[in-house]
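Every number in this text was worked out from the coordinates using simple rules, so none of it is lab data. This structure is a prediction, so every number in the text was calculated from the model and none was measured. Neighbour counts are summed over all protein chains in view; Cβ atoms, including those assigned to glycine, are modelled from backbone coordinates with ideal geometry.
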Amino acid sequence: MPLHDPVPPEPEPPASGNGPPAPGDRVHSTPLSPTEMAFLHQSLARQQRRRRGYRAGPLRVSWDGAVRGQMDPTVGVGEPFRVPLRASYVEIVGDDAEGALLLAVVPLPDPEEMEDDGVENLAVTLEGGQTVNVAIALDYGSGGKARAYVIQITYAESASATGVSVRESASPFVRTERDMVDYLDNGVVGCHWVAGDGTILWANRADYEPLGYTQEEYVGHHIAKFHADPDVCDDMLRRLAQGETLYNYRARLRHKNGSVQYVLIASSVLFDDEGHFLHTRCFTVWASAIV
């Protein structure tokens, strides 16, 4: 049984310059080198450490659609402030020695679902572990029509270390940047990015540890080094560069000890607005039973 589908014939390029670019024209090396990708990952990790180390202090508030300079940049804890009804969320920002830190994102309730004279109280855990109380009410004009949110933020007496924003009433779960980094780095499904030239830019532990490698032995190397069948690897990269999305693509990977591991790969490519190949978005599932 073949390990992958037959390679389809390459489409003909457009006859004139008015159509979309030929698939082959979309293949470009990523503008980010492995070193630059590592620096980006370190930068995100540094921001995460800063947020975790943040302690109670003055907070600033912004919201979606706000233009910098149109809000009071020094909203104090406990001082009420107004937010336009068109806003859908509020950002709580603190400051440390290195600059501003996004500490939490709070979704705003639908004004039509709020009680006329009611106050919605939310308990929100900041990235540093402190809990703040967010009270949201409506400001009504002379005609009895709501014209803005009135929000007050105060520190709670005790702090929670859960790192999860919680609303007392039902609402969508709020995922922070820290949550997403943890999800990618520590998930049980292998994930990696590959540049247009085949270099592995990033991978999580579930992608390289089952093959017996460390991060240093895996990231920064060419993906073909870990494939048992070079033609299969070439076929994947060619089809991805043409904009194809792969599902359940069968491949064989080479373990560090020399054994062969059977996997299913799902992958697509992130292209920039000009059609340049930035990196793949690959997911690897180990399937030892495939023969």
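Per-structure values
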quantity: Pairwise FRET efficiency - Ala123 versus Asp272, Cβ, R0 = 41 Å, nearest 0.05; calculated: 0.50
quantity: Residues Thr245, Thr280 arranged by fewest to most Cβ contacts within 10 Å; calculated: Thr245, Thr280
quantity: Packing-based exposure ordering (other Cβ within 10 Å, fewest first) of Cys233, Cys191; calculated: Cys191, Cys233
quantity: Order of Trp286, Trp63 under a 10 Å beta carbon neighbour criterion, fewest first; calculated: Trp286, Trp63
quantity: About the Cα centre, charge dipole magnitude for region 180-291 (Lys/Arg +1, Asp/Glu -1 at Cβ), debye; calculated: 460
quantity: Label zone at Val181, where the point sits 7 Å out along the Cα-to-Cβ direction: region 187-205 residues whose backbone N lies under 19 Å; calculated: 187-188, 191-193, 201-205
